[in-house]
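The values are calculated or read from the model by the stated rules, or taken from the named source; none is laboratory data. Not measured: the values here are computed from a predicted model. Glycine gets a Cβ as well: all are built from the backbone with ideal geometry, and neighbour counts include every protein chain shown.
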Amino acid sequence: MEAGERLRITWCGHSYFMVEAGGLRVAMDPHDGDSLGLPRCRAQADLVLVSHDHYDHNAVELASGPRTRVVRWREGELSLGGLRVRGVRLSHDDKGGSLFGSVVAYVIEAEGLTLAHLSDVGEPSDSAERVAGPT
């Protein structure tokens, strides 16, 4: 990261983002690239967050190394270094999950900033409020 940057976000195509903050790298929903016609985005992240187990969101091996912590579609909170991560379960479709099941949206707090990754959320109505949490 450049001097003075608190957060860097790199889009790797589709729902795959790499976030650098607090001296850590977080990969969210890594894909293999090939199956989507996109270039591969390899990285050795400290933390990999996977929203759900579909091929275009779960290529953990391309973003992880021997010390990488991997979180797969898990609700709740965790802390790693200066990062705080919260997972919120949402529907993958607009039928309450009856068609495609659920996904976990992740909220990352670091360096005084908050970032929400909604992945393949299909709930149009109250998703933002549920991810934002209590105010």
HIS54 vs. criteria within 21 Å of LEU115 (Cβ to Cβ) and in contact (Cβ under 8 Å) with a residue 24 or more places away in the chain:
no
Checked the stretch 64-87 for anything more than 12 Å from the chain's Cα centre (by Cα) and hydrophobic (A, V, I, L, M, F, W, C); matches are LEU78, LEU80, LEU83
Within the stretch 88-122, the residues that are more than 14 Å from the chain's Cα centre (by Cα), outside any strand (DSSP E or B) and closer than 22 Å to THR10 by Cβ are GLU111, GLY112
Reported set for the stretch 16-41 where residues are at pLDDT below 85 and out of contact with any Pro (no Cβ under 9 Å at 6 or more places or on another chain) is ASP32, ASP34, SER35, LEU36, GLY37, LEU38, PRO39, ARG40
Within the stretch 66-103, restricting to residues that are at pLDDT below 95 and among the β-branched types (Val, Ile, Thr), the one that is surrounded by the most Cβ atoms within 10 Å (Cβ to Cβ) is VAL103
Condition set out of contact with any helix residue (DSSP H, G or I) (no Cβ under 9 Å at 6 or more places or on another chain) and under 19 Å from ARG72 (Cβ atoms), scope the stretch 17-34, selection surrounded by the most Cβ atoms within 10 Å (Cβ to Cβ): answer is VAL26
